[in-house]
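> A single structure is presented below for examination.
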Amino acid sequence: MSTLPLAVPYSRKNPFPARLLVHTKLTAEGSEKETRHYEFSLAGSGLQYEVGDSMGIHPRNNPQLVQDLLEALHLSGEEKVKNKEGETFSLREALMVHYEITQPSKQFLQAMVERSPAPELREFMQPERKKELDQYLWGLEIVDFLIEAPSVRFSPEEFVSKLRKLQPRLYSIASSLRAFPEQVHLIVAIVRYESHGRKREGVASTYLADRIDGNTRIPMFVHVAKGFRLPEDPDTPIIMVGPGTGVAPFRAYLQERKAIGAKGKNWLFFGEQRSGCDYFYRDEFESLQRQGVLTRLHTAFSRDQAHKIYVQHRLLENARELYAWLQEGAHFYVCGDAARMAKDVDVALQQIVGKEGGMSAEAAAGYIETLRKEKRYKRDVY
Ligand SMILES: Cc1cc2nc3c(=O)[nH]c(=O)nc-3n(C[C@H](O)[C@H](O)[C@H](O)COP(=O)(O)OP(=O)(O)OC[C@H]3O[C@@H](n4cnc5c(N)ncnc54)[C@H](O)[C@@H]3O)c2cc1C
Ligand SMILES: NC(=O)c1ccc[n+]([C@@H]2O[C@H](COP(=O)([O-])OP(=O)(O)OC[C@H]3O[C@@H](n4cnc5c(N)ncnc54)[C@H](OP(=O)(O)O)[C@@H]3O)[C@@H](O)[C@H]2O)c1
């Protein structure tokens with residue numbers, strides 16, 4: 001009797017090749033941003049996710065950047081190279097798929113210092129000058145160092161040995177399997193900027209924006225985020241703070257809560273630059289509000305007026321009710337920018353609890369610490 005081989009489940013190491021179903025630009029004319037909506041088919045993958053999870057995407061580098069690098073290296077790309085696992089690829093394929101070719105690794109910088117005068121880099125490579133090194137490197141890519149030192153030579157093997165492996169990028173899932181079976185939706189802010197006279201691109205975001213279509217198979221896997229789940233009790237109210245792409249998991253939460261008929265109240269704070277061109281999913285959110293799924297919706301458009309209005313300003317304006325929701329047992333969620341927004345929202349939350357709860361700063365901090373311990377204050381920030 002023959003036995004069928006067991007299907008190997010898809011994972012980070014064995015990603016599912018997903019097909020693109022829908023790709024639209026969310027930001028309209030007049031926007032300073034480029035934010036896009038994607039729908040992928042998971043049909044046949046057996047992949048399951050919960051709302052709050054993220055999707056990992058294995059990107060490919062831009063072929064034009066690979067070509068620029070090959071020219072700067074005086075190599076054709078046909079040369080054969082082996083990776084650490086002993087697999088052989090052409091150099092072009094290796095640079096396209098397997099290695100990070102934008103931001104320089106320590107090993108690459110060290111190799112440049114050994115092969116060229118690079119006086120500034122040499123100085124900043126001293127361990128005590130890490131901060132200056134980071135400032136110096138901001139906006140500089142591998143190709144810049146090679147163009148700057150045209151006499152430097154690397155063998156193909158040597159060059160790839162100085163590179164980091166190309167890492168997958170995570171994107172918060174913006175859909176619920178209950179609303180969209182066998183699909184996953186993502187919201188991606190495309191990274192493009194100019195530095196040192198060259199146009200630069202974020203690897204994964206521009207791979208999705210510029211280099212995939214219905215014929216591409218995009219390798220992806222589910223990244224489980226147990227700490228960013230909806231409350232187990234569907235009656236529990238939730239407060240969601242999600243400016244920019246941070247709104248992604250909350251679109252998923254709302255779909256899920258609608259699909260299961262959850263009775264808990266839902267309050268969303270969304271922020272972006274301009275209401276006219278950056279208010280993604282406006283129709284969806286307003287429709288959910290009319291249906292009673294979205295109990296309260298507040299927006300903060302930072303550039304619709306001369307002074308900045310951010311989500312935390314809307315939280316503060318609604319302090320009394322927000323505190324009342326927390327007292328009723330609401331879970332408080334934050335998603336999006338870690339560097340500035342999440343910190344400022346945390347400060348606002350402390351102020352709200354202090355003022356409305358009549359507490360000292362210390363007591364308010366303790367209240368928030370308790371929320372955290374009870375897993376009622378959840379953040380997914382990047
Ligand atoms: C849990 C989690 C969830 C996430 N969810 C989302 C999501 O839903 N949507 C989303 O869009 N992103 C999300 N991200 C971020 C995402 O994973 C990527 O980091 C992002 O898309 C950038 O990847 P990239 O490959 O395009 O850019 P990369 O190639 O990684 O380049 C980004 C780097 O470019 C450099 N850089 C950027 N701008 C400039 C500039 N102006 N000047 C100089 N250097 C600059 C910085 O060093 C920056 O780190 C999430 C991240 C995490 C960890
Ligand atoms: N580290 C950085 O310098 C930087 C800058 C931009 C984006 N990012 C990253 O880029 C990715 C995508 O960004 P995104 O497009 O999702 O949106 P985003 O850049 O986070 O912007 C969304 C909204 O948040 C506002 N905002 C800016 N600073 C804020 C603060 N301190 N508190 C509250 N709101 C604030 C923005 O206003 P304004 O734009 O008008 O200020 C905008 O209205 C994220 O990974 C984010 O971390 C990083």
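The values are calculated or read from the model by the stated rules, or taken from the named source; none is laboratory data. Only a predicted model underlies this, so the values are computations on that prediction, with no experimental measurement involved. Ideal geometry is used to build each Cβ from the backbone, glycine not excepted, and the neighbour counts take in all protein chains shown.
> Using beta carbons and a limit of 8 Å, which pairs, at least six apart or on different chains, have the first residue in the stretch 114-131 and assigned to a loop (DSSP other than H, G, I, E, B) and the second one surrounded by fewer than 11 Cβ atoms within 10 Å (Cβ to Cβ)?
Pairs found: SER116/SER151.
> Cβ-Cβ under 6 Å, sequence separation 6+ or interchain: first residue in the stretch 169-197 and small (Gly, Ala, Ser) and at pLDDT 95 or above, partner part of a strand (DSSP E or B) and near ligand 1 (Cβ under 8 Å from one of its atoms). Which pairs?
From residues that are small (Gly, Ala, Ser) and at pLDDT 95 or above, the pairs are SER172/SER54; ALA174/LEU186; ALA174/ILE187; ALA189/THR35.
> In this structure, is GLN103 in contact with an Asp or Glu (Cβ under 8 Å, 6 or more places away or on another chain), surrounded by fewer than 20 Cβ atoms within 10 Å (Cβ to Cβ) and not hydroxyl-bearing (Ser, Thr, Tyr)?
yes
> Tally up the residues in the stretch 288-313 that are touching a Gly at 6+ places or on another chain (Cβ under 8 Å) and either in contact (Cβ under 8 Å) with a residue 40 or more places away in the chain or outside the structural domain of VAL345 (by TED's automatic domain parsing) (or both), please.
Number of matching residues: 3.
> Look at ASP304 and say whether it is surrounded by 14 or more Cβ atoms within 10 Å (Cβ to Cβ), under 25 Å from the mean Cα position of the chain (by Cα) and of a type in the set (Asp, Glu).
no
> Residue by residue through the stretch 82-105, note down the ones that are touching a strand residue (DSSP E or B) at 6+ places or on another chain (Cβ under 6 Å) and in contact (Cβ under 8 Å) with a residue 60 or more places away in the chain.
Listed by number, the residues that qualify are LYS82, LEU91, ALA94.
> Name every residue in the stretch 240-283 that is more than 14 Å from ligand 1 (Cβ to nearest atom), hydroxyl-bearing (Ser, Thr, Tyr) and in contact (Cβ under 8 Å) with a residue 24 or more places away in the chain, in order of residue number.
SER275 - this is the single residue of the stretch 240-283 that is more than 14 Å from ligand 1 (Cβ to nearest atom), hydroxyl-bearing (Ser, Thr, Tyr) and in contact (Cβ under 8 Å) with a residue 24 or more places away in the chain.
> In this structure, is SER45 of a type in the set (Ser, Thr, Tyr), within 19 Å of the chain's Cα centre (by Cα) and either in a loop (DSSP other than H, G, I, E, B) or on the phi > 0 side of the Ramachandran plot (or both)?
In short, no.
> Among the listed residues VAL353, VAL293, identify the single one that is more than 16 Å from ligand 2 (Cβ to nearest atom), over 29 Å from the mean Cα position of the chain (by Cα), among the hydrophobic types (A, V, I, L, M, F, W, C) and over 20 Å from ALA225 (Cβ atoms).
VAL353
> What number of residues within the stretch 72-81 satisfy the criterion of being touching a residue at least 60 places away in the same chain (Cβ under 8 Å) and in a loop (DSSP other than H, G, I, E, B)?
So the count comes out to 3.
> Please find, among GLU93, GLU128, GLU141, the residue that is modelled with pLDDT under 95 and outside the structural domain of TYR207 (by TED's automatic domain parsing).
GLU128
> For the stretch 25-34, indicate whether the set of residues that are touching a Leu at 6+ places or on another chain (Cβ under 8 Å) and either closer than 24 Å to ASP213 by Cα or surrounded by fewer than 18 Cβ atoms within 10 Å (Cβ to Cβ) (or both) is non-empty.
No - not one qualifying residue is present in the stretch 25-34.
> Loosely packed, with under 14 Cβ neighbours inside 10 Å, within 11 Å of ligand 2 (Cβ to nearest atom) and among the β-branched types (Val, Ile, Thr): which single residue out of VAL381, VAL347 fits that description?
VAL347
> In addition: Can you tell me which residue within the stretch 136-167, out of those that are more than 13 Å from ligand 1 (Cβ to nearest atom), of a type in the set (S, T, N, Q) and part of a loop (DSSP other than H, G, I, E, B), is nearest to GLN107 (Cα to Cα)?
This residue is SER155.
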